[in-house]
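*Asks:* Please see the structure below; I have some questions.
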Amino acid sequence: MVQDIMNGTRGSRPSGFSEFNSKLYFTARSLNEGEELWSCDAREMCSVVLDIVVGQDSSFPRELTVTSSGMYFTASTLSTGRELWHCSMSEDCSMVADLNQGPDGSDVGAITRFNSKLYFAANNGTSGSQLWSLDLI
């Protein structure tokens, strides 16, 4: 075992593994942070990258997608719903855009990179789920 993130028999349920910037990124649950974005370095030292929903509640990061400029993923908060997020090479993470403002979110999904763009499905609240693109940062 690399690290016991969630002590006890419930487990941390690590998933969504992706290599980025010489680290392993994934989502996992912990007692203090809920389900958030984690990373492990080459020495197998693991830590929370960003506690998006502070405390025991969770942002449920999904669809970790690595590009030359960083890593994109989806995360959910009570105030924004599921939206697109970005972490730079220095692990500065922030929401890219709030495409459907309010708690319903844009339900971003199906993220993939193609050529110099990031493509994804999202709902802006007026057009239903549609194909969107974003120039990579």
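The values are calculated or read from the model by the stated rules, or taken from the named source; none is laboratory data. What you see is a predicted model; the values in this text were computed from it and never measured. Reconstructed Cβ throughout: ideal geometry from the backbone, glycine too, with neighbour counts over all protein chains shown.
*Asks:* For residues in region 41-57 being touching a Ser or Thr at 6+ places or on another chain (Cβ under 8 Å) and in contact (Cβ under 8 Å) with a residue 24 or more places away in the chain, which is nearest to residue 13 (Cα to Cα)?
*Replies:* Out of the qualifying residues, it is 46.
*Asks:* Pull out all pairs, ordered by first then second residue, where Cβ-Cβ is under 6 Å, the residues are six or more apart or on different chains, the first lies in region 28-39 and is over 19 Å from residue 94 (Cα atoms), and the second is assigned to a strand (DSSP E or B) and of a type in the set (Asp, Glu).
*Replies:* Sorted first by the residue in region 28-39, then by its partner, the pairs are 29/35.
To keep it simple, each residue is scored yes or no on (1) closer than 29 Å to residue 129 by Cα; (2) hydroxyl-bearing (Ser, Thr, Tyr).
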{"position": "10", "(1), (2)": "no, no"}
{"position": "14", "(1), (2)": "yes, no"}
{"position": "25", "(1), (2)": "yes, yes"}
{"position": "56", "(1), (2)": "no, no"}
{"position": "62", "(1), (2)": "yes, no"}
{"position": "66", "(1), (2)": "yes, no"}
{"position": "76", "(1), (2)": "yes, yes"}
{"position": "81", "(1), (2)": "yes, no"}
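*Asks:* Let me ask something else about it. Pairs only if they're at least six apart or on different chains, beta carbon under 8 angstrom, first in region 78-97 and of a type in the set (Gly, Ala, Ser), second in a strand (DSSP E or B); list them, first residue then second.
*Replies:* Within 8 Å, the pairs are 88/70; 94/85; 94/86; 97/83; 97/84.
*Asks:* Which of the residues belonging to region 16-54 are outside any strand (DSSP E or B), over 17 Å from residue 4 (Cβ atoms) and among the aliphatic types (A, V, I, L, M)?
*Replies:* Correct list: 42, 52, 53, 54.
*Asks:* Output yes when any residue across region 37-45 is out of contact with any Asp or Glu (no Cβ under 6 Å at 6 or more places or on another chain), at pLDDT 90 or above and under 27 Å from residue 123 (Cβ atoms), and no when none is.
*Replies:* yes
*Asks:* Just a yes or no: is a residue in region 95-110 of a type in the set (Ser, Thr, Tyr) and touching a Leu at 6+ places or on another chain (Cβ under 7 Å)?
*Replies:* Within region 95-110 (the criterion being of a type in the set (Ser, Thr, Tyr) and touching a Leu at 6+ places or on another chain (Cβ under 7 Å)), the answer is yes, since at least one residue qualifies.
*Asks:* Assuming residue 125 fulfils every condition listed in (1) modelled with pLDDT of 95 or more; (2) at positive phi apart from one, which condition is it?
*Replies:* Only one criterion is unmet by residue 125, namely (1).
*Asks:* Would you point out the residue of region 32-53, among those that are more than 22 Å from residue 81 (Cα to Cα) and either among the β-branched types (Val, Ile, Thr) or more than 13 Å from the chain's Cα centre (by Cα) (or both), that is surrounded by the fewest Cβ atoms within 10 Å (Cβ to Cβ)?
*Replies:* Of everything passing the filter in region 32-53, 43 is surrounded by the fewest Cβ atoms within 10 Å (Cβ to Cβ).
*Asks:* Let me ask something else about it. Quickly run through region 54-68 and pick out the residues that are of a type outside the set (A, V, I, L, M, F, W, C) and exposed (fewer than 15 other Cβ atoms within 10 Å of the Cβ).
*Replies:* 55, 56, 68
*Asks:* Another one. Give me a count of the residues in region 71-130 that are of a type in the set (S, T, N, Q), under 28 Å from residue 22 (Cβ atoms) and in a loop (DSSP other than H, G, I, E, B).
*Replies:* Number of matching residues: 4.
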